[in-house]
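So that we are looking at the same thing, I have put the structure below in structure tokens.
The values are calculated or read from the model by the stated rules, or taken from the named source; none is laboratory data. Note that the structure is predicted; figures quoted are calculated from it, not measured. All Cβ positions, even for glycine, are placed from backbone atoms using ideal geometry, and neighbour counts span all protein chains on display. Heavy atoms of the whole protein, side chains included, go into the accessibility calculation; ligands, DNA and RNA do not. Shrake-Rupley method; radii C 1.70, N 1.55, O 1.52, S 1.80 Å.
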Amino acid sequence: MEHQSSGSGDDDRSRKLRQKRIGDQLRRLYDEVTEEAVPVEFLNLLEQADKSKNQK
Amino acid sequence: MTKPKLDDEAFKAELAGLIPHLRAFARSLSGNATAADDLAQEAMLKAWKARESYQQGTNLKAWTFTILRNLFYSEKRRSWRRQQLDPEVAEATLVANDDPSSAMDLLALRTGLTVLPEDQREALILVGAGGLSYEETAEICGCAVGTIKSRVSRARKALAEIIENSQGGFSGDGKLRASEAFDDIMKQADELSSGSTADARN
């Protein structure tokens, strides 16, 4: 392992590390929402739409 | 040729199961939680009405995302088009997090996302967080797979820059107030995005 010439390799590794971190955080932002309880309004609306179909 | 269709009960169950993802995708497009839920609700109802045209065996998630996305872009004056990051959200992100450096990153990411061009942001969210393939994302966005790949890669690069620049201001000073941190990131993101419009041409 020679450290003198490994500069670009280190850059590469730290770039990959940063990108991985961004990927993790991105999923976290998204999952923050998917893990929330679904507001009842959504399911009510869907049920309503289903019922009104039968009345036509 | 008759492709099997899902019956209504099965379709409804699958659609209901996708609500969390519709909400997450809507939130990423709109940035405002209430407006995003309006958008997700309308997309869900539209998908339900259009259920006859869904082909069983294809990806229902990608299909509903396409509907949601079309809705988002077709009604430009709707409230969900407002794209902003509320400073209170920023403050909450920082306060609720027990790891300050990770909270800083998350805030920088949120901020960075709001200044990315829309096409880059949605491609990155779909591929990077929504679990969709490049191919599915290309279909949702109505463009070539190669275009999606380049949007995702440019978005990643831009975000890395925004986050890296924002860290310069915080290292060694944990006492920086959240609102100052927010202003700082916003400023840097603005500078970056005004620079990146030039390279968005290709």
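Would you mind stating whether B:Ser133 is in the same structural domain as B:Arg156 (by TED's automatic domain parsing) and open to solvent by less than 30 Å² (accessible area, probe 1.4 Å)?
Details: in the same structural domain as B:Arg156 (by TED's automatic domain parsing): yes; open to solvent by less than 30 Å² (accessible area, probe 1.4 Å): no.
When the stated conditions are applied, B:Ser133 does not pass them.
One line per residue, one yes/no per condition, for (1) away from chain A (no Cβ under 11 Å); (2) open to solvent by less than 30 Å² (accessible area, probe 1.4 Å); (3) modelled with pLDDT of 95 or more:
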position	(1), (2), (3)
B:Arg81	yes, no, no
B:Ala92	yes, no, no
B:Ala96	no, no, no
B:Leu106	no, yes, no
B:Thr111	yes, yes, no
B:Ala138	yes, yes, yes
B:Ser150	yes, no, yes
B:Ala158	no, yes, no
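Can you name the residue in region B:50-66 that is open to solvent by 30 Å² or more (accessible area, probe 1.4 Å) and in contact with a Lys or Arg (Cβ under 9 Å, 6 or more places away or on another chain) and, of all such residues, is farthest from the other protein chains (Cβ to nearest Cβ)?
B:Gly57
Can you name the condition, by its number, that B:Ser28 falls short on among (1) open to solvent by less than 70 Å² (accessible area, probe 1.4 Å); (2) at pLDDT 90 or above?
Every listed condition holds for B:Ser28 apart from (2).
Right, B:Gln41: out of contact with any Ser or Thr (no Cβ under 7 Å at 6 or more places or on another chain) and over 15 Å from A:Pro39 (Cα atoms) or not?
No: the conditions fail for B:Gln41.
Hey, can you tell me all the residues within region A:9-26 that are within 14 Å of B:Ala103 (Cα to Cα) and open to solvent by 60 Å² or more (accessible area, probe 1.4 Å)?
A:Arg21, A:Asp24
So, in region A:44-56, of the ones that are in a helix (DSSP H, G or I) and open to solvent by 80 Å² or more (accessible area, probe 1.4 Å), which residue ends up farthest from B:Ile163 (Cα to Cα)?
As a first pass, look at region A:44-56 and keep what is in a helix (DSSP H, G or I): A:44-55.
Adding the requirement that they be open to solvent by 80 Å² or more (accessible area, probe 1.4 Å) leaves A:44, A:48, A:51, A:54-55.
On the way: A:Asn44: 41, A:Gln48: 45, A:Lys51: 49, A:Asn54: 53, A:Gln55: 54 Å.
The extreme case among them is A:Gln55.
Give the residues of region B:122-139 that are among the polar types (S, T, N, Q) and either touching a Leu at 6+ places or on another chain (Cβ under 7 Å) or in contact (Cβ under 8 Å) with a residue 60 or more places away in the chain (or both), sorted by residue number.
From region B:122-139, those among the polar types (S, T, N, Q) are B:133, B:137; that's our starting set.
Correct list: B:Thr137 only.
For region A:19-47, name all the residues that are within 9 Å of chain B (Cβ to nearest Cβ) and polar (S, T, N, Q).
Those that are within 9 Å of chain B (Cβ to nearest Cβ) and polar (S, T, N, Q): A:Gln19, A:Gln25, A:Thr34.
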